[in-house]
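J.: Take a look at this one; I'll ask things after.
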Amino acid sequence: MFQILKGKIYSMIPARAGSKGVPSKNIRLLGGKPLLAWSIETSLRTSLIHRTIVSTDSEQYAEIARSYGAETPFLRPSELANDRSTDLECFKHFLEWFQEYEGGVPEYVVHLRPTTPLRDPFVVEQAL
């Protein structure tokens, strides 16, 4: 069972490297920034979110994420970062990692996909 960190809200931004439809889509530039940077910035500007985590299978993507202020405490295993991988598998890995290495999981996790870049932090905050 998970130890819940009451009142903690983390965002999880899943950004795998292996897109086939649009190669490297999560780091392609949009408005001068990598696509995943938009979700990172939204998360960082949402005052209720305590930590911004990018879940990726790529050290290159992790480095880019860190340069925009996100945390990348782990690399997602390749078997959880392919065309058939589900969001549920990604979330499960995220929660299990935090339970094992940090002793608990956030009470809430906000799922911010890089492929929805133009979010308003105010709207995210209102949803929370």
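J.: Rounded to the nearest 5, what is the percent of antiparallel bridges among the DSSP beta bridges in region 1-110?
T.: 15 percent
J.: Computing the accessible area with a 1.4 Å probe over protein heavy atoms, can you report the carbon and sulfur percentage for the chain? Numbers along the way, then the final one.
T.: Numbers: 3740 of 7070 Å².
Accessible surface attributable to carbon and sulfur in the chain totals 53 percent.
J.: With n ≥ 4 as the cut-off for DSSP H runs, can you work out [θ] at 222 nm for the chain, using -39500 (n - 2.57) per run divided by the number of residues, rounded to the nearest 500?
T.: -10000 deg cm²/dmol
J.: Please build a GNM for the chain, connecting alpha carbons under 10 Å apart, and tell me which residue among 76, 28, 16 fluctuates the most.
T.: 28
J.: With a ≥ b ≥ c taken as the square roots of the eigenvalues of the C-alpha gyration tensor of region 63-116, please select rounded if a/c is under 1.5 and otherwise prolate if a/b is larger than b/c or oblate if it is not?
T.: Rounded.
J.: Right, something else. For region 28-73, what does the alpha-carbon gyration tensor say about shape, rounded, prolate or oblate, given a ≥ b ≥ c as the root eigenvalues, a/c under 1.5 as rounded, and a/b over b/c as prolate?
T.: Numbers: a/c = 2.48, a/b = 1.17, b/c = 2.12.
Oblate, because a/c is 1.5 or more while a/b does not exceed b/c.
J.: Work from the charge dipole of the chain (Cβ charges, +1 for Lys and Arg, -1 for Asp and Glu, about the Cα centre) and give the residue of 64, 117, 40 farthest towards its positive end.
T.: 117
J.: For the chain, what's the relative contact order in percent, using C-alpha pairs closer than 8 Å and at least 6 residues apart? Walk me through the intermediate numbers first.
T.: Details: 215 pairs, mean separation 51.0, N = 128.
Once divided by the residue count of the chain, the mean separation gives 40 percent.
J.: Would you check the accessible area of residue 100, probe 1.4 Å, heavy atoms only, in square angstrom rounded to 10?
T.: 130 Å²
J.: For the chain, what does the accessible surface come to per residue with a 1.4 Å probe? Please give it in Å².
T.: On the way: 7070 Å² over 128 residues.
Per residue, the chain has 55 Å² of solvent-accessible surface.
The values are calculated or read from the model by the stated rules, or taken from the named source; none is laboratory data. Please read these numbers as outputs of a predicted model, since none were measured by experiment. Virtual Cβ from ideal backbone geometry, glycine too; neighbours counted across all protein chains shown. Surface areas here come from the heavy atoms of the whole protein model, side chains and all, with no ligands, DNA or RNA. Shrake-Rupley method; radii C 1.70, N 1.55, O 1.52, S 1.80 Å.
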